[in-house]
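The values are calculated or read from the model by the stated rules, or taken from the named source; none is laboratory data. Note that the coordinates shown come from a computational prediction; the quantities given were computed from them, not determined experimentally. Positions of Cβ are generated from backbone atoms using ideal geometry, with glycine treated the same way; all protein chains shown enter the neighbour counts.
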Amino acid sequence: MRKRFLALSACALLALASGAFGQAFRSFVVKDIRVEGLQRTEAGTVFSYLPVKVGETMTEEKAQQALRALFATGFFRDVRLEVENDVLVVIVEERPAIAQIDFIGVKEFELDTLRRILRDVGLAEGRTFDRSVLDGAEQELKRQYLSRGRYAAEVQTTITPLERNRVGVSISVTEGEVAKIRSINLVGAKAFREKELLEQFVLRTPGWLTWYTKHDQYSKAKLAADLEALRSYYQNRGYLDFSIESTQVSITPDKRDIFITVNLIEGEKYTVSGVTLEGQMLLPREELAKLLRIKPGEEFSRERLTESTKAITDRLGNEGYAFANANAIPRIDRDKRTVAFAIVVDPGRRVYVRRINVAGNTRTRDEVIRREMRQLEGAYYDASKIQLSRTRIDRTQYFKDVNVETAPVADSVDQVDVNFTIEEKPTGSILLGAGFSSVDRVVISGSVSQANVFGSGKFLSVQVNSGEVNKAYAISYLDPYFTVDGVSLGFDLYRRNVDASSLAVGPYTTKTLGGGVRFGYPLSESDSVNFGLSAENVALETFETSPSAYRDFVARFGDKYRYLAGSVGLARDNRDSVIQPTRGALTRASAEVSAGGLEFYRLSFSQNWYQPLTRTVTLALGGELGYVHGTSGKPVPFFKNFYVGGPGSVRGYRAFSLGPQDANSNVLGGTRKLSGSAEVLFPVPGAQQDRSLRLAAFVDAGQVYGADQKVTLGDLRYSAGIALAWTSPFGPLKLSFAQPLNQKKGFDRIERLQFSFGTAF
C-alpha cells in the first residue's frame, strides 16, 4: 500500500508553512529511493539534489529542502514525494524542451543575431521551456526594436506542443515603420539663431544622409549628449547661468513621428574680472600663470577655464604628481555680471610607476608595444612621457585605438600602475587602384602587404601591378627595430616594366631589374635620418613615334644601363596622427646620387602642415620642390624627369600631363618641379561624428620645367574641387572631382574625375 505524505508541491509548501503538514508527518529511515517520470534528465541529477541518502532518516525539514532544490533546477513543472514501505518515491513532471524557434516577419535583424540575443536571456533550442523566460525574451526583442527606432513593433509568441514532451516556439513580429524625428524645438533661445544651435546636435530631422548616419532616430543617450553640447556652447560664450529647464519627447499615436522640445534659460552674459592662483603650487607661480587660457576682461568660457586647469595638472603630472588637482572656485558678482576665479592647486603626493600593463594585443607581441614606450617602470610618473608613449604606439599604425589609464596601487600612497589598452586593426591590405577619363580605359593595379608580420612589427609587401602602363613585381621588407636603439633595416627587390605609350608622355618602354638596402636612424622623437643604396639594370626601348630627344639619348648613350644609386634623407614628423592628422607638420628632404651607366643627382623637399580651424575642421597645406641634374657632362635620363598632374599633385589634369611638350604634343617632363595644395578637411554634413567619412575642398597648383626653361610662377597650373575619403567596410576609398582654373586649351589634357579604392584583411 502506497501512502502519500506529500502531494502537489504548491499545496505541500503551503501546508508546511501553516504547520498543518507537521501533524501528519512522521520521520522514517529510507530503505530505498526511486525516481519516476524522467524522460530526458538523468536520475543521478535528481539524487544529487536530495538531502537524504539510503539508510538516513527522512524528516519534515529534509522533505521541504528536497522540494525546493528540485524546483530550483528549472527542469521540472511538478515534483511530488511519496513513501511506500519506507521507500522514498520521487515523482517528477519534466518541463518540455524547446525543439525549434521560428521567426516570422523579421527583416530588421539577421536571424543569427536574434538567436544570439535570445540565447543570452535563456531562450534557445535544446533548453527547457519556461514561460517567464519567454516573457523576458519578448521584452528583450521589443527593446532591440526600440533601439532601432521602431516604436510600433509588436511581438507575439505561439507555443505548439510536440511529441516526446517538446514544444515549438514561433515568434511573429510586426516591425512597423521606423520613427523619425520630425522637429526639434528650442524654446527660450534668443542670443543665437536656432539653426546655429541645432548644428551642435547629433540628433536631427531627416536629411539626405540620415539614411546612413541614423541621426534622425531618437536615442535618450544621444539627446543627453546633445543637451550637454548645447550647455557647453552657451557657457563657452559667456552665459554662466545657462540651464535647461525641461525636455519633452512626444510620439504620435501611430508611433512614426517624434517631436522634441527643449525649454532653456539663457541667463546673462558674464565677463571674467580676475584669475588668481592659490594653494601649494610647487612650481614658480609665473610658470603656472603662463598656462592660464582664461584672462581678465574676456567673456567667460568654460572651455578655456577647463583648458587652464588641465594645463596646470598636466604640468604637475610631468613632475611626477599623477593625482594633482586644480579646482576653479568662482566668485560671481551678478550685479556687475562679472566672475572671478580662484584656481586652487593641490599637487598631492609624488608617485612612481610600479608596473606598466598592456592589454588587448592578441596578435601583436608585447615587445613591439613596449619598445615604443618612453615611460619606464620604477621611474617617476611623467604625464608627457606617457602621452608620448601613446602617440608612438599609435604611429605604428597597427592599432585602431590606444587608451591609457593610471590606477593607484592598493596599500600604497606613492605608486601607480599605467594600463595601456589597445584595439588591434587589420594590418594587411589588398589594394586596388583605378583612374577614369573619357578617353582612356580603366587601369587596375594592386598590392598585398602586411605591416605587422606575425605580430613582430616587421613590414612585408608584395606588389603586383598589371596595369596597361605599369607592370611591377616587387618585394619589400623592413625591420623598424633592427637594433634596440631603433635603427631600421630594409631591403627591396623589384622588376618594373613601364610602357608610356598610352600616357601623355612620349612613348617609350623601360624594363628595370633592381634591388636595394636602406637604413634609418632616429635623431630624436620626431627627427630621423635615412640612408639607402641600390643597384639597377635598365633596358630602354624607343620607337619611331618617340620624341627626338628620347631617340637622341639612346643614340648617344645606348639602351642598356647598369648603375648604383645612394641616397640620404631627413624627416621630421610631429603630427598628432599618421592616418587623420589635425595638428602638426611633416617635413622631408632627400638627396640621391647615381654613378655608372647613369650619372645624375636628385634633390627633393616636401612640407605638409596641419592646423585645426574648429573642433571638426582642419586646414592642410602642402608643397613639394624637386631638382635633378646630370653629372659628368651627361644629361638627365628623360625617364628620370619629374612629372606633374593627376592625384597627388594637380588634380583635374591628366596624370603626368603637365610640363614641356615636343612638336607632336608629347610630354617630356622636367628637371625642376614645383607643386602645392591647400585643403580644408571637414566631416560630411549630417555625419559629424563619423570619422570614417571626410570631405575636402582643395586648390592645387603645380608645374615642371625643362632644363632650358626659366622657372616662372606664371606657368603654374591651378585647379579646385572637392574630394571624398571614406574608410568603408570594404577598405579605403578616395574620390576627387576637380575643375582646372587656367588650362591652356589645345595644350593641357583634362581629367576631372579620379578615384582609388581597396580592401583590408
For Asp401, are the conditions met, namely being of a type in the set (Asp, Glu), modelled with pLDDT under 90 and touching a Ser or Thr at 6+ places or on another chain (Cβ under 9 Å)? yes
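Keeping to segment 517-556, report how many residues are part of a loop (DSSP other than H, G, I, E, B) and out of contact with any strand residue (DSSP E or B) (no Cβ under 8 Å at 6 or more places or on another chain).
Start the filter on segment 517-556 by keeping residues that are part of a loop (DSSP other than H, G, I, E, B), which leaves 523-526, 543-547.
Remaining after also requiring out of contact with any strand residue (DSSP E or B) (no Cβ under 8 Å at 6 or more places or on another chain): 524-525, 544-545, 547.
So the count comes out to 5.
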The residue that is farthest from Leu533 (Cα to Cα), considering only those in segment 480-511 that are surrounded by fewer than 16 Cβ atoms within 10 Å (Cβ to Cβ) and β-branched (Val, Ile, Thr), is Val484
Among (1) surrounded by 15 or more Cβ atoms within 10 Å (Cβ to Cβ); (2) at pLDDT 85 or above; (3) over 24 Å from Asn318 (Cβ atoms), Gly435 falls short only on (2)
Of those in segment 518-556 that are of a type in the set (Val, Ile, Thr) and touching a residue at least 60 places away in the same chain (Cβ under 8 Å), the residue surrounded by the fewest Cβ atoms within 10 Å (Cβ to Cβ) is Thr545
For segment 273-294, pairs from a residue that is without any contact (Cβ under 8 Å) to a residue 12 or more places away in the chain to a residue that is assigned to a strand (DSSP E or B), with Cβ under 9 Å and 6 or more apart or across chains, are Arg285/Leu277
Given the conditions (1) at pLDDT 90 or above; (2) touching a helix residue (DSSP H, G or I) at 6+ places or on another chain (Cβ under 9 Å), every one holds for Gln689 apart from (1)
Turns out the helices (runs of 4 or more DSSP H) fully within segment 1-101 with at least 2 residues that are at pLDDT below 85, at negative phi and within 60 Å of the chain's Cα centre (by Cα) are 9-18, 43-49, 60-72
Item to complete: Kindly indicate whether Ala191 is in contact with a Leu (Cβ under 8 Å, 6 or more places away or on another chain), surrounded by fewer than 17 Cβ atoms within 10 Å (Cβ to Cβ), farther than 22 Å from Tyr218 by Cβ and touching a residue at least 24 places away in the same chain (Cβ under 8 Å).
Response: no
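Look at segment 604-631 and say how many of its residues are over 14 Å from Ser677 (Cβ atoms) and either touching a residue at least 60 places away in the same chain (Cβ under 8 Å) or more than 23 Å from the chain's Cα centre (by Cα) (or both). Reasoning before the result, please.
Of the residues in segment 604-631, the ones over 14 Å from Ser677 (Cβ atoms) are 604-605, 611-617, 626-631.
In the following step, the residues that additionally are either touching a residue at least 60 places away in the same chain (Cβ under 8 Å) or more than 23 Å from the chain's Cα centre (by Cα) (or both) were identified as 604-605, 613, 616-617, 626-631.
Residues flagged as over 14 Å from Ser677 (Cβ atoms) and either touching a residue at least 60 places away in the same chain (Cβ under 8 Å) or more than 23 Å from the chain's Cα centre (by Cα) (or both) within segment 604-631 amount to 11.
Name the one entry in Val443, Val469 that is out of contact with any Gly (no Cβ under 8 Å at 6 or more places or on another chain), modelled with pLDDT under 75, crowded, with 17+ Cβ neighbours inside 10 Å and closer than 25 Å to Phe639 by Cβ.
Numbers: Val443 fails: out of contact with any Gly (no Cβ under 8 Å at 6 or more places or on another chain).
Result of the check over Val443, Val469: Val469.
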Considering residues that are loosely packed, with under 13 Cβ neighbours inside 10 Å and either without any contact (Cβ under 8 Å) to a residue 40 or more places away in the chain or over 36 Å from the mean Cα position of the chain (by Cα) (or both), the number found within segment 157-186 is 5
The residue from Ala225, Ala229, Ala221 that alone is in the same structural domain as Asn185 (by TED's automatic domain parsing), at pLDDT below 90, under 30 Å from Arg148 (Cβ atoms) and assigned to a helix (DSSP H, G or I) is Ala221
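To keep it simple, each residue is scored yes or no on (1) surrounded by fewer than 17 Cβ atoms within 10 Å (Cβ to Cβ); (2) free of Cβ contacts under 8 Å to residues at least 40 places away in the same chain.
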| position | (1), (2) |
| --- | --- |
| Arg80 | no, no |
| Asn85 | yes, no |
| Ile101 | no, no |
| Leu118 | no, yes |
| Leu134 | no, yes |
_Just checking, does segment 343-356 include any residue being in contact (Cβ under 8 Å) with a residue 24 or more places away in the chain, aliphatic (A, V, I, L, M) and farther than 30 Å from Glu278 by Cα?_
yes
Among Asn497, Asn530, the single one that is out of contact with any helix residue (DSSP H, G or I) (no Cβ under 7 Å at 6 or more places or on another chain) and within 21 Å of Phe642 (Cα to Cα) is Asn497
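For segment 217-240, give me the residue count where each residue is closer than 24 Å to Thr306 by Cβ and surrounded by fewer than 16 Cβ atoms within 10 Å (Cβ to Cβ). It would help to see each step written out before you state the result.
We begin by selecting, within segment 217-240, every residue closer than 24 Å to Thr306 by Cβ; these are 221-240.
Filter once more, keeping what is surrounded by fewer than 16 Cβ atoms within 10 Å (Cβ to Cβ): 221, 224-225, 228-229.
Number of matching residues: 5.
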Within segment 253-282, of all residues that are surrounded by 13 or more Cβ atoms within 10 Å (Cβ to Cβ) and modelled with pLDDT under 90, the one nearest to the chain's Cα centre (by Cα) is Arg256
